[in-house]
Structure formats: C-alpha cells, structure tokens
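The block underneath contains the structure these notes are about, expressed in structure tokens.
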Amino acid sequence: MDSIQKYLNKPPKIARFLRRFFSREDELVILDIGACEALDSIKYSEMFPKARVLAFEPLPANVEKIRSNLVKYGHENIVVIPEALSETQGRATFFCSSGHPVGKANSLDWDYGNKSSSLLAPLGTKRTHPWLKFDEEIVVPVNTLKNVCMQHNVDSIDLIHMDVQGGELMVLKGAGDVIERIKLIWMEVEAIELYEGQPLKSEVGGFMRAHGFNLLVDTVGRVSGDQLWVSRSFYDGPRSGLRGVLERFRGL
C-alpha cells in the first residue's frame with residue numbers, strides 16, 4: 001500500500017548525487033516545479049535544512065494538501081507558490097487528472113490520480129494508464145521562471161526538481177538567461193507523446209545540451225523516465241566513480 005509516510009521515508013532518488021555536489025549545511029535554493037503535495041520538497045528540506053525551497057503547484061486541491069503537509073511535518077523553509085510555470089505570464093487552461101488503478105482506491109493517505117495534471121491536453125495517457133481520467137479543466141495563474149526569480153530575489157538555483165507532464169521546455173524557455181545560473185535539473189521526460197504537443201526525449205536533450213548541460217542520469221524507457229542534467233559551468237569533471245550510481249538508476 002502506497003502512503004505518504006512510506007514515500008517520505010525514502011531518500012530522494014538523486015540523493016547520492018546531491019551529497020556529491022553539496023553539503024548538508026549549504027544554503028541551497030531548490031525549486032520543486034509541479035510539486036503536487038510537496039512531498040519531494042519535504043525530502044529536500046530534510047536533506048538540506050538550510051535550503052530555501054520553492055514549491056510550485058497550481059491545482060487548488062493539491063495546494064491545500066501541501067499546506068496541510070507543511071503544518072504536519074513542520075518545514076518552515078518551504079514556500080508555496082500556487083502557480084504553474086510556462087513561457088509566458090498570465091492565465092491558462094489546466095487539465096486536471098483523477099482516478100485510481102483497479103483494486104487501489106484513493107485514500108486520505110495516498111491519491112493516485114492527482115499527479116498527472118498538465119497545461120497540455122492529454123493524448124496518449126489512456127494507452128499507458130487506462131484508469132487515469134481528465135474530467136475537469138480549470139484556469140490557473142501562469143508565471144515564468146525568470147519573473148518568479150525576480151519576484152522572490154533568487155539569483156541562482158542549485159537544483160530544479162521538475163515533474164510537469166510534458167511542460168518541461170515551456171518552463172525552461174521561460175527561464176530566459178536564468179538558465180545560465182541553474183546547476184542541476186532533475187526532470188521527468190517522455191519517449192512517447194502522452195500530452196498533446198509535448199517535447200520528447202530527443203528534443204529535450206537537444207535543448208539541454210545547447211544550453212550548457214551534460215546528462216548524468218537517464219532512466220527514460222519505452223514510455224517515460226527521469227533525467228538528471230548538470231550545468232557544465234558548475235561541474236564538467238570526469239565521470240569516474242559515477243558508473244555504479246548510474247547502473248543503480250537503471251532499475252528505478
């Protein structure tokens with residue numbers, strides 16, 4: 001049975017890399033974009049208690065869960081920003097996900113269906129997750145990463161954790177020159193089009209390399225997976241010692 005506590009008990013998937021690059025005492029700036037219930041924000045806050053964590057989530061029901069979780073787990077260094085990030089500032093249609101797999105009902109302790117909402121219309125999700133529903137569309141506030149950094153006095157970003165269901169390049173294009181001051185980006189990437197018009201693995205890779213990033217981890221399989229990118233201006237050293245860690249990620 002999935003549960004919030006069970007999820008929180010596991011370290012971040014990239015914990016070993018983060019320990020390689022940062023100290024527990026570092027005053028990092030971490031952005032959790034598409035935070036859902038901010039469980040990953042909480043993990044990063046626990047790992048780096050002096051970090052400043054910005055959690056972006058536009059779905060009102062999820063924002064309520066975030067605020068409840070932050071009260072319950074007591075992480076005062078997490079700031080909730082109830083907005084979606086994209087290439088432009090304004091308002092946009094947001095396609096809300098819901099549902100649960102057969103035999104796995106939602107509960108107060110775990111919601112299977114609230115993790116796939118997107119600024120992009122669903123396309124191939126029915127083939128990969130037949131139980132997933134998109135019965136509601138709402139209008140949400142949208143901002144750019146560059147504008148958010150100015151509003152919250154963010155000069156540079158140590159880590160972006162991004163899970164935005166096909167909107168990855170919309171977020172990164174909205175960063176403008178801020179992308180030059182991002183050290184690490186950990187994001188979900190698709191190999192097939194689950195959302196209408198989304199960039200796939202090759203396009204994401206081309207964008208990232210063109211903007212000065214090297215790929216450290218790639219778990220993208222037939223459908224989707226995660227990638228960890230590191231700015232060459234931050235770390236361009238030899239990859240020796242990383243092979244075992246990379247192999248470990250293959251099974252995730």
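The values are calculated or read from the model by the stated rules, or taken from the named source; none is laboratory data. Nothing here was measured: the structure is a model prediction, and the numbers come from that model. When we count neighbours, we look across all protein chains shown, and the Cβ atoms used for this are built from the backbone with ideal geometry, even at glycine. Just the protein is used for accessible areas: all its heavy atoms, side chains included, with ligands, DNA and RNA removed. Shrake-Rupley method; radii C 1.70, N 1.55, O 1.52, S 1.80 Å.
Order 54-67, 123-136 from most to least packed using the mean count of other Cβ atoms within 10 Å.
Values: 54-67: 20.2, 123-136: 14.6.
Result, highest mean Cβ count within 10 Å first: 54-67, 123-136.
Determine the sum of side-chain charges near Ala84: Lys and Arg each +1, Asp and Glu each -1, restricted to other residues whose C-beta is under 12 angstrom from that of Ala84. Please list the in-between numbers first.
On the way: positive: Arg91; negative: Glu57, Glu83, Glu87.
Summing Lys and Arg as +1 and Asp and Glu as -1 gives -2.
Its relative contact order, with pairs defined as Cα atoms under 8 Å and 6+ residues apart, puts the chain at 16 percent.
Where a ≥ b ≥ c are the square roots of the eigenvalues of the C-alpha gyration tensor, would you call segment 15-91 rounded, which needs a/c under 1.5, or, failing that, prolate if a/b is larger than b/c, or oblate?
Values: a/c = 2.44, a/b = 1.47, b/c = 1.66.
Taking the square roots of the gyration eigenvalues as a ≥ b ≥ c, segment 15-91 is oblate.
Full extension of the chain segment joining Val79 with Arg222 gains 48.0 nm, where the gain is 0.36 nm per residue of separation less the Cα-Cα distance. Using the Stokes-Einstein relation with a Kirkwood hydrodynamic radius computed over Cα pairs, the translational diffusion coefficient of segment 46-158 at 4 °C and a viscosity of 1.567 mPa s comes to 81 µm²/s.
Other residues with beta-carbon under 13 Å from the beta-carbon of Gly176 carry, at +1 per Lys or Arg and -1 per Asp or Glu, a net charge of 0. Using alpha carbons only, the radius of gyration of the chain set against its Kirkwood radius gives Rg/Rh = 0.93.
Looking at the chain alone, DSSP beta bridges between its own residues are antiparallel in about 55 percent of cases. Taking 0.36 nm per residue of sequence separation and removing the Cα-Cα distance, the Lys50/Arg91 pair yields an extension gain of 11.5 nm. Would you please state which residues of segment 152-174 a label at Glu196 would reach in this model, taking the label point 7 Å out along Cα→Cβ and a backbone N cut-off of under 16 Å? Taking a point 7 Å out along Cα→Cβ of Glu196, the residues of segment 152-174 whose backbone N falls under 16 Å are 166-167. With the simple spin-label model, which puts each label point 7 Å out from Cα in the Cβ direction, the Glu25 to Val71 separation comes to 3.6 nm.
In the chain, what percent of the accessible surface is made up of carbon and sulfur (1.4 Å probe, ligands and nucleic acids excluded)?
Values: 5900 of 11950 Å².
Carbon with sulfur: 49 percent of the solvent-accessible area.
As a quick test, which of the pairs Lys50/Lys201; Lys6/Lys173; Lys65/Lys126; Lys13/Lys201 have an alpha carbon distance above 30 angstrom in this structure? Present the calculation step by step, with values, prior to reporting the outcome.
Values: Lys50/Lys201 34 Å; Lys6/Lys173 35 Å; Lys65/Lys126 26 Å; Lys13/Lys201 20 Å.
Among Lys50/Lys201; Lys6/Lys173; Lys65/Lys126; Lys13/Lys201, the Cα-Cα distance tops 30 Å for Lys50/Lys201; Lys6/Lys173.
Protein heavy-atom accessible surface, 1.4 Å probe, per residue over the chain: 47 Å².
Just check segment 162-242 against the gyration tensor rule for me: Cα atoms, a ≥ b ≥ c as the square roots of the eigenvalues, rounded for a/c under 1.5, and otherwise prolate or oblate depending on whether a/b exceeds b/c. Oblate, since a/c reaches 1.5 and b/c is not below a/b.
Helices of the chain meeting both criteria, an alpha-carbon length of 24 angstrom or more along the long axis and an average Kyte-Doolittle score not below 0.5, with helices taken as full DSSP H segments, do not occur. Distances between every pair of Cα atoms in segment 94-232, grouped in 10 Å steps from 0 to the bin holding the largest one, split as 11, 38, 34, 16, 2 percent.
In this label model, Glu137 and Lys104 are separated by 2.9 nm, measuring between points 7 Å along each Cα→Cβ vector. Of all DSSP beta bridges confined to segment 147-233, the antiparallel ones make up roughly 70%.
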